Amino acid sequence: AQTVTQSQPEMSVQEAETVTLSCTYDTSESDYYLFWYKQPPSRQMILVIRQEAYKQQNATENRFSVNFQKAAKSFSLKISDSQLGDAAMYFCAYRSAGAQKLVFGQGTRLTINP
Amino acid sequence: DTGVSQDPRHKITKRGQNVTFRCDPISEHNRLYWYRQTLGQGPEFLTYFQNEAQLEKSRLLSDRFSAERPKGSFSTLEIQRTEQGDSAMYLCASSSPQGLAVYEQYFGPGTRLTVT
């Protein structure tokens, strides 16, 4: 079974600085998708960024980018120019190309210091 | 597009009672998912529908849990004889196989269940 591990329960960063959240996963499959979801306090989960495993180029969405290392099974999220609104729980998630369910990590709580 | 909605948002019940939650997906999304999220943890998959057919169930979905999507639109999740261990946030998500964000799952706000 696939597993996703986020080894940083909490992270904090100064406003306008850059922070990197770590994620590793375990799978024997070669075709899959990886996601970062953001869950603000008392609000619903939203997708931040997605990476297809067959793509070598790292995904980027505005201030958010990933470092996808397929051989190392690592998928980190970099947030540049951190803003107060970035404060949330961040979940790394895996989905096999042949399946529908998402497998989530334990989450990292990100605090932005003004 | 009103997003995924869930009702109720909060439910407090006594141990042994039955509860039912409702999820309304984004219109025209044919896939619907239920997840459970306990405090401080990531969501765990419970079950998934494509239209009205329930295609996958997790082993977490014990025989006290049942989910339906009778007309391929809204879905209900029922928990019978609730136990304190059922206390959690129950999340619903939906997705469509079309468009650029293929299979992206859109989440609702969740129903927080507290069993006393």
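Which distance in nm do the two modelled labels at residue B:116 and residue A:10 give, with both placed 7 Å along the Cα-to-Cβ direction?
Using points 7 Å along Cα→Cβ, the separation is 3.0 nm.
Other chains near B:46-59: what is the mean number of their Cβ atoms within 10 Å of each residue's Cβ?
Working: counts 1, 1, 3, 1, 1, 0, 0, 0, 0, 1, 3, 0, 1, 0.
Taking the mean over all residues of the peptide, I get 1.
Given a Förster radius of 35 Å and the C-beta distance between residue B:53 and residue A:70 as r, what FRET efficiency does 1/(1 + (r/R0)^6) yield to the nearest 0.05? Let's see the in-between values first.
Working: r = 34 Å, r/R0 = 0.96.
Working from the Cβ atoms, E equals 0.55.
Per 5 Å bin from zero, what fraction in whole % of the C-alpha pairs of the range A:16-114 is there, up to the bin with the longest pair?
All Cα pairs, binned at 5 Å, distribute as 3, 13, 25, 25, 18, 10, 5, 1, 0 percent.
In the protein assembly as shown, with Lys and Arg counted as +1 and Asp and Glu as -1 at Cβ, which of these residues, B:76, B:20, A:60, has the Cα nearest the positive end of the dipole, that is, farthest along it?
B:20
Hey, got the dipole for chain B? About the Cα centre, +1 on K and R Cβ, -1 on D and E Cβ, debye to the nearest 20?
Values: 14 positive and 13 negative charges, 95 e Å.
I would put it at about 460 debye.
³J(HN,Hα) across the range A:100-106 via Karplus (A = 6.51, B = -1.76, C = 1.60, θ = phi - 60°), whole Hz, x for Gly/Pro?
Listing the rounded values in order: 10, 6, 8, 10, 9, x, 7 Hz.
³J(HN,Hα) across the range A:25-36 via Karplus (A = 6.51, B = -1.76, C = 1.60, θ = phi - 60°), whole Hz, x for Gly/Pro?
9, 10, 7, 9, 8, 10, 10, 7, 10, 10, 9, 10
Assigning unit charges at the beta carbon (Lys, Arg +1; Asp, Glu -1) and nothing else, what dipole magnitude in debye, to the nearest 20, does the protein assembly as shown show about its Cα centre? List each step's numbers first, then the result.
Values: 25 positive and 23 negative charges, 104 e Å.
With only Lys, Arg, Asp and Glu charged at Cβ, the dipole is about 500 debye.
Quick one: P(r) of chain B from all Cα-Cα pairs, 5 Å bins, percents rounded to integers, in order of increasing distance.
Percent of pairs per bin, in order: 2, 13, 23, 26, 19, 11, 5, 1, 1.
So what are the ³J(HN,Hα) numbers for the range B:5-20, from phi and the Karplus equation (6.51, -1.76, 1.60; θ = phi - 60°), rounded to whole Hz, Gly and Pro as x?
So the J values, rounded to whole Hz, are 10, 9, 9, x, 7, 9, 9, 10, 9, 8, 3, x, 7, 9, 9, 9.
Once you keep just the Cα pairs under 8 angstrom separated by 6 or more residues, what percentage relative contact order results for chain A? Can you show the working numbers first?
Numbers: 280 pairs, mean separation 43.0, N = 114.
Dividing the mean separation by the residue count of chain A yields 38 percent.
Using the beta-carbon distance between residue A:42 and residue B:18 and R0 = 35 Å, what value does 1/(1 + (r/R0)^6) give for FRET efficiency, to the nearest 0.05? Could you put the intermediate results ahead of the total?
Values: r = 27 Å, r/R0 = 0.76.
Computed FRET efficiency for residue A:42 and residue B:18: 0.85.
Any read-out appearing in this document is the output of simple, stated calculations on the displayed coordinates, not a laboratory observation. All values derive from a computational prediction rather than experimental measurement. Cβ sites come from the backbone with ideal geometry, for glycine too, and all protein chains shown count toward neighbours.
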